[in-house]
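Colleague: Sharing a structure with you now.
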Amino acid sequence: MIELPIERPSNQFLVRERDHRWLPALAATLMLAMLLGSLLFLVGWPRLQATSIHYDLIRLRAQVEELERQHRELEVTVERARSPELLARRAQRLGLQPPDPSQLRVVLPGGGS
């Protein structure tokens, strides 16, 4: 078999330069991606926070309304429990009676009776 010499490019610099062109392109692509990511972060993060705060506010308003409703119900319950008619019925059920007038004593300020 006859061996033929393999022809190589005459300018080795062009071959090496062509092989290293990917490095600046990769650096530029990464820088652009970082810039775009930073921009999206700076624009998106405040909006995300505002949306989160808005939902928290809605939830807290609903909680306040529920607590106010419970407060009103408890006030009505207390007023019912304080009503004279209900207190009189409870006292009768427990066997309590109003005192006789002879059992009452008037105490005046200053120690006199």
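Colleague: Evaluate the following for Ala33: is it more than 27 Å from the chain's Cα centre (by Cα) and either among the basic types (Lys, Arg) or part of a helix (DSSP H, G or I) (or both)? Please lay out each step first, then the result.
Modeller: Numbers: more than 27 Å from the chain's Cα centre (by Cα): yes; either among the basic types (Lys, Arg) or part of a helix (DSSP H, G or I) (or both): yes.
Taking the combined requirement at face value, the residue satisfies it.
Colleague: Same structure, new question: Working carefully through the options Arg61, Arg90, find the one that is surrounded by 10 or more Cβ atoms within 10 Å (Cβ to Cβ) and modelled with pLDDT of 95 or more. Even if it seems obvious, please write down each step before you answer.
Modeller: Details: Arg90 fails: modelled with pLDDT of 95 or more.
Just a single option satisfies the conditions, and that option is Arg61.
The values are calculated or read from the model by the stated rules, or taken from the named source; none is laboratory data. Everything numeric here is computed off the predicted structure, so don't read it as measured data. Neighbour counts run over all protein chains shown; Cβ positions are idealised from the backbone, glycine included.
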